[in-house]
1. Which sequence of Thr545, Thr261 reflects their accessible areas, 1.4 Å probe, from the largest down?
2. For an R0 of 41 angstrom, estimate the FRET efficiency from the Cβ-Cβ distance between Asp512 and Asn568 and round to the nearest 0.05.
3. For a quick check of understanding: with a 1.4 angstrom probe and all protein chains in place, what accessible area in square angstrom does Tyr487 have, to the nearest ten?
4. Would you mind working out the magnitude of the charge dipole of region 223-330 relative to its Cα centre, with +1 at each Lys and Arg C-beta and -1 at each Asp and Glu C-beta, to the nearest 20 Debye?
5. Can you give the relative contact order of the chain as a percent, counting alpha carbon pairs under 8 Å and 6+ residues apart?
6. Skip the ligands, DNA and RNA, and give the accessible area per residue of the chain with a 1.4 Å probe, whole Å².
7. Based on alpha-carbon centroids, what's the gap between region 93-123 and region 308-375 in Å, whole number please?
8. Rule-of-thumb check for region 77-198: C-alpha Rg over 2.2 N^0.38 Å?
Amino acid sequence: MRTNLSSKITLTSIPKRFYHPENAYEHSVLARFEKIPTFIYETVDEGSQAVAREIAEQIRKKQAVLQHFVLAIPGGRSPRNVLNELIRMHREDKLSFRNVIVFIINEFYPLADASYSNLSLVKDAFLDHIDIAPENIHYPDGNMNKDAIYDFCRQYEQLIDDAGGIDYLLVGVGHSGSIAFNGPGTAVRSRTRLVMLDNDSRKEAANVFKSIEKVPACAITMGLATILMARNIILMAWGEGKSANIRQTVEDKINDSFPATFIQNHPNAKVVIDLHAASELTRISHPWLVSTCEWDNKLIRRAIVWLCQLTGKPILKLTNKDYNENHLGELLALYGSAYNVNIKIFNDIQHTITGWPGGKPNADDSHRPERATPYPKTVVIFSPHPDDDVISMGGTFRRLCDQHHDVHVAYQTSGNIAVGDEEVIRYCEYLRDVCTRYTKDESVRQKAEEIIHFLRYEKKDGEPEKRDVLFMKGTIRREEARTACRYTGVKDENVHFLDLPFYETGMVKKGDLSDADIDIIKKLLNDIQPDQMFVAGDLADPHGTHKVCLDAILAAVDELKNEPWLQNCRIWMYRGAWAEWEMDHIEMAVPISPEELRFKRNAILKHQSQAESAPFLGDDERLFWQRAEDRNRATAGLYQRLGLASYEAIEAFVQYIPVV
């Protein structure tokens, strides 16, 4: 069973020579905008395995001459797959870590709960699974006395010197270009010290601490000078969400407003990324600027949209001069004139627009994104959490119902950890008062009192949620989702709560995707046998719940792909509240009227527990309905600037073709 198919989704067909050049000359041409050696792999696993192999080789070399190998690692998510591969090598290939000394790069301060510490994360993910000597593990103490911090930082630097310096340092890059909590403005001479966390760093850490309010205000971190003294630096980034950061790190000038650029000066630094994280590098995103191209429809569309944005012109006003002056003369040679290219791409984009997302019955569908038949269609909308459906495609959702398709919604996870305790207290107080008035049965009232008392006086951070609390939180989200579905027009019997097992840990950290998760989805699909499916295609976060949920669906589809009904089923991917599909990828664009946009907002607001007080709102201060509206209006605005019709908003989709 293939459980990582989302990593094989390549929206643009990128010739291998652009990310694996055949020789040094070809590499120098393609990578001429890049100021750090950058290695691009097709998947996270391939990149992580390459890094792990390099580290393992160096560990063994040091072992052969009876020397220590000094490794510095952060506590974030970037190195997780590398650490997993090193654990595998330890178990299967007998790689020993007895000669390895580890330094944890940074730690939050002050820590109210040690279970949220970077040390705890690294131990759980790596150190507890290998044969490293406890005395060889060094880390900042997030609970030390404030008066001891200055001396500790000096001693930490001395410990690194005493170990002979750092051989390999693994690091990621934050949204503001931060390296190990060295945020914008950090001096290149900085050493290990206490720093105030900037807002971007605290927002990123909120995923671990459940809310930004619980993220410590400070951190003890190695400084830029400490990091740059390492003999080798490997900066890793995975997923589309890091693509803009990678482009700035690798291609921009050195600037203290984006500290990651300082590693451009390191003689043995390199960047290891997957294709998604590489998507904004010039050789991947704008290959016509570095080489001749293998032009297909998507690449031509991307080039024309880029040219429109560069010149400020709509498609049909681009001229031969615009093409020639901006490295796109190849297209003139292929098509004869700017007009020929312009009309081709204009029609291509025009044909993505449809007010009939389920297909228009009794109509010529030769230039429409969806088939006219069958009508009505049986449709399944998969939603990773109990609100992604209305946030991401609420207008299309309503349109499908209004156009009389048989719409089912499948909520893949309970979303229970994303409900604040105060919401549970409020509902339990309501339940207690109702029981007091209307029933003599004390058991329910007592259970409500027990939950209220636990949440107000006994609950400790870092502990798994009690099953009763998880039940209450899951029930709150379930009934909010059911209410939103009724408001949208879905029949009660068509609302499915899958509660996939991987999610039900009661903790931020989830379990691995298993056959049990995939079997649940397979059963649902076999029971419904849809003509059309909508799935969350978020590729930005390679470790998040959305990716796991997508992998579960794609694995089920892979198992069922020979079924006749599935061979006639189209699968459309939507995106979440944080980003939209790029114009060159959009294959179906559904216009949303002002009234429909207001309706979508109301459907999102049915999820009251996910308003301002909800945990895990992410690094965007806007509420979910605001994010969704801004994103949908921005898509419509882009269509208008390209010279197409003007709409209030647009929801966009990309078709998924099952992997052979």
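The values are calculated or read from the model by the stated rules, or taken from the named source; none is laboratory data. It should be emphasised that the depicted structure is a prediction, and the values quoted were computed from it without experimental measurement. Cβ placement follows ideal geometry from the backbone for every residue including glycine, while neighbour counts extend to all protein chains displayed. Please note that ligands, DNA and RNA were not included when accessible areas were found on the heavy atoms of the full protein model with its side chains. Shrake-Rupley method; radii C 1.70, N 1.55, O 1.52, S 1.80 Å.
1. On the way: Thr545 30, Thr261 0 Å².
So the residues, ranked largest to smallest area, are Thr545, Thr261.
2. The computed FRET efficiency comes out at 0.80.
3. Surface open to solvent at Tyr487 totals about 80 Å².
4. Computed charge dipole of region 223-330: roughly 80 debye.
5. Computed value for the chain: 14 percent relative contact order.
6. Details: 28130 Å² over 660 residues.
Averaged over the residues of the chain, the accessible area is 43 Å².
7. Each part reduced to its Cα centre gives a spacing of 52 Å.
8. Working: Rg = 15.3 Å, N = 122, 2.2 N^0.38 = 13.7 Å.
Ratio of Rg to 2.2 N^0.38 Å for region 77-198: 1.12.
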